[in-house]
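Below is one structure, written out as structure tokens, with a few remarks after it.
What follows draws every value from the coordinates through simple rules; no lab data is involved. Computed from a prediction, not measured in an experiment: that's the story for all the values here. Ideal geometry is used to build each Cβ from the backbone, glycine not excepted, and the neighbour counts take in all protein chains shown.
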Amino acid sequence: MAIFSLNHSFVTRGKGHNIFQRAAYNSRDILEDRAGEKFDFKSRDGLLHEEVSVPLAARSWLKNRQHLWQTLDAREDQSTRPESARLAHSFIIALPSEFSVEQNVRLLRDFVHEQFTRKGFAVDWSIHQPPDGGDVRNVHAHLLVSLRQIDTATGRWSDKKWRPPQNLSESVKGWRRSWANLTNRHLKRYGFEARIDHRTNAVQGVQSRPGRHNGPKRTWALRADQEAAAKSSHKKGSGSRSSGSTGSMAPSNLKTRLSIPKAPFQALPPLKSTYHGPERRRKAVFWAIERREDWKPR
């Protein structure tokens, strides 16, 4: 069943984002930033397709992912605020699970050309399959779109950067509308009855609540709960618990477990570990709870 989901954000220096790391992860490639740090995601699975699309006027070497982001990153050093420069749009888009890989590639090529490359922007895009054990419908695309245009005369990065015609919200609505319309045309072309709608459920007159996009962090947490519940059930035996219970580590208790009061974190020394990002925060949560034996869920 085709579903609609299009999420937009920016890759921004001011927020500590690294365009080389993002591009390497999306494409399962090996890239090196200008400081010499290497990002290797070749061993990661899940890649169905990767491609770099550039305008016809672009120099041929801009189709090389390393050169593309290296030259753009260097060009932003000359901007008025290089330390907080926005480098690229970042899109995560749900693809029709009914389509074959080839059909989804054609759909994305049409969208990339219609919305970006014909207007002078470069696009680095990839298609990912669902992770093992994940929802089979979760075929999705990652797009990195340069904010700086390519000069039609020189084939190099120009001084022109993307600016929303009205405001960012209206631009995102336009992309969402265009994606829905294009996807529906492709669904009709290939003989599928399913259609997607970019509008909210309220506007469509649908009473049900919209589905929630879990994202990688929540998906990881749900999967960890399921694995813990399965292990607990295996230890206690299939007949030792009722069919409607999955134990304290079940997904149904995820909201309760995530509703952690501030008390466990008060007056605690800084956590010293080699963990970073979400993994560091997760370790900090459980470490803090273990130190507070009197803490109980609300």
- Where does the stretch 6-202 land on Rg(C-alpha)/(2.2 N^0.38 Å)? 1.04
- Query: Given labels modelled 7 Å from the Cα in the Cβ direction, how far is it in nm from Glu51 to Asp197?
  - Reply: 3.0
- Item | Between the stretch 33-57 and the stretch 66-132, the alpha-carbon center distance in angstrom | 11
